[in-house]
């Protein structure tokens, strides 16, 4: 079942998954796996860890299916759990230091991107942010969520989210200019 | 100023597909979860009246106890007030009686004082 047809069967899909329909739960996973896996990947900077995290998140969803009210709620719930779990993992010793990209971390550049080098650098700079700020940026620029939803997902005041975004953008932009990957004129 | 940079960031942070076979691996890792239809109640369902009685008996008993306590307290207070009132009336009656007796005695004394003394001649005649 592709995501579009699953979307069309939205009211039934969740109900079927709750009743133990394996195909329905698998469809739910496929519908949200790119989002959850990407949150893990951008947060942890490692594909194996991102897959572990995504699997953990979907297993939690499986146990909590009865409390999920709609597919939209499922999406919010998955983003929230994935981001918070990633913050937790980052704060543990095993994941506090992101492995450098050259050490087997393969984050594919989007096929249509204009400047793969710059994209890789932006991803690397994202990895230098503190866990909470990184989660804010991932939810804002990868998941395209608004400030209010990010605040709700991360249990943060809205002003803190805005402050994280502003400071992170300034820091990342400054480092890009400092590394001469981009000029201030190009970004103005 | 940041708009161009934000757009670049959006492009760089585009979602990445999960690895091949990810959903299948999650499905295999799931713990057993019985379907809702297969769920067997662990305890027999109790009749509604019994469960309702169990649910409401304690609050009902408490409410009844409170009512009894309030009425009993009120009754005791009324009896006490009546007793005090009767005692007051009795004391009042006794006081009035005492005042009446005192008044009578004072009247007799006053009459005795006011009565004129008999003449001395009459006294001598009487002696002879």
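Averaged over its residues, how many other protein chain Cβ atoms are within 10 Å of peptide A:143-150's Cβ atoms?
1
At a Förster distance of 51 Å, what's the computed FRET efficiency of residue B:28 paired with residue B:58, Cβ-Cβ distance as r, to 0.05?
With R0 = 51 Å, the Cβ-Cβ based efficiency is 0.55.
Give me the one-decimal nm value for the distance between modelled label points at residue B:102 and residue A:144, 7 Å along each residue's Cα-to-Cβ direction.
Computed distance between label sites residue B:102 and residue A:144 equals 10.7 nm.
On a full-extension model of 0.36 nm per residue, what is the gain between residue A:179 and residue A:91, subtracting their alpha-carbon distance, rounded to one decimal in nm?
28.9 nm
Quick one: A:28, B:62, fewest Cβ neighbours within 10 Å first, how do they rank?
The most exposed by this proxy come first: B:62, A:28.
Can you tell me the order of B:108-114, A:44-50 when each peptide is scored by its average per-residue count of other Cβ atoms within 10 angstrom, highest first?
Final packing ranking: A:44-50, B:108-114.
Considering every residue in A:43-52, what mean count of other chain Cβ atoms within 10 Å of its Cβ is obtained?
Rounded to a whole number, the mean comes out at 1.
What ranking do A:160, B:78 get, fewest neighbouring Cβ atoms within 10 angstrom at the top?
Fewest to most other Cβ atoms nearby, the residues stand as B:78, A:160.
Since every read-out is calculated from the coordinates, none of them should be taken as a lab result. Computed from a predicted structure; not experimentally measured. We place every Cβ from the backbone using ideal geometry, glycine too, and count neighbours over all the protein chains shown.
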